[in-house]
Amino acid sequence: MTAVRRETPGDRAAIRRVHERAFTRPNEAVLVDALRDAHAHVISLVVEDDGLVAGHVLFSPVTVGEGRGLGLGPMAVVPERQRRGLGSLLVREGLAECRRHGHGVVVVLGHPGFYSRFGFAPASTRGLRCEYDVPDEAFLVVELVPDALGARQGLVRYHPQFARV
């Protein structure tokens, strides 16, 4: 059985293991812990597969030009459960959760072929650029509410914890 749910305090160690195993380095796990510890008003979901926490996605606050939005990431699925649709399930459910909480804009730094399936498009086409030096085609945005960006353009800034990891 597979289910997506909000993170609970008892999931912390399992989430850390998911990120360490998926990325084979501690950076993303450290970032998730740092954002949680900074009380960054995150949306944090896990996917359970056969009773085990097999994946995790985090959405944290970003500034989008003069407004606000959320940044998707880190997101990970343990290697032995990848390519089974768990990452797609996390993204779909995560975006729905963002909508339920009234968020209109989400950005992500990721693979365009994967994220375009969920409505993400190059942020540069909307006049947005990332505060970090990243490939243009990999910095993407989706409006969860029609015209949520309006005329907003400019620099997208992530939570300060991203610069510390």
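Residues in the range 145-164 that are out of contact with any strand residue (DSSP E or B) (no Cβ under 7 Å at 6 or more places or on another chain), within 15 Å of VAL134 (Cβ to Cβ) and surrounded by 11 or more Cβ atoms within 10 Å (Cβ to Cβ): PHE162 only.
LEU140 falls short of the stated requirement of being assigned to a helix (DSSP H, G or I), within 16 Å of the chain's Cα centre (by Cα), at pLDDT 95 or above and hydrophobic (A, V, I, L, M, F, W, C). Residues in the range 143-165 that are in a loop (DSSP other than H, G, I, E, B) and either of a type in the set (S, T, N, Q) or touching a Cys at 6+ places or on another chain (Cβ under 9 Å) (or both): LEU144, GLN153.
Right, ALA163: among the hydrophobic types (A, V, I, L, M, F, W, C) and modelled with pLDDT of 95 or more or not? Taking the combined requirement at face value, the residue does not satisfy it. One residue stands out in the range 96-130 among those that are among the hydroxyl-bearing types (Ser, Thr, Tyr) and more than 24 Å from HIS41 (Cα to Cα): the one that is surrounded by the fewest Cβ atoms within 10 Å (Cβ to Cβ), namely THR125.
Yes/no per residue for (1) modelled with pLDDT under 95; (2) in contact with an Asp or Glu (Cβ under 8 Å, 6 or more places away or on another chain); (3) charged (D, E, K, R):
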position: MET1; (1), (2), (3): yes, yes, no
position: ASP11; (1), (2), (3): no, no, yes
position: ASN27; (1), (2), (3): yes, no, no
position: ALA40; (1), (2), (3): yes, no, no
position: LEU45; (1), (2), (3): no, yes, no
position: ASP49; (1), (2), (3): yes, no, yes
position: LEU52; (1), (2), (3): yes, no, no
position: ARG68; (1), (2), (3): yes, no, yes
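The values are calculated or read from the model by the stated rules, or taken from the named source; none is laboratory data. This is a predicted model, so every value here is computed, not measured. Backbone-built Cβ (ideal geometry, glycine too); neighbour counts: all protein chains shown.
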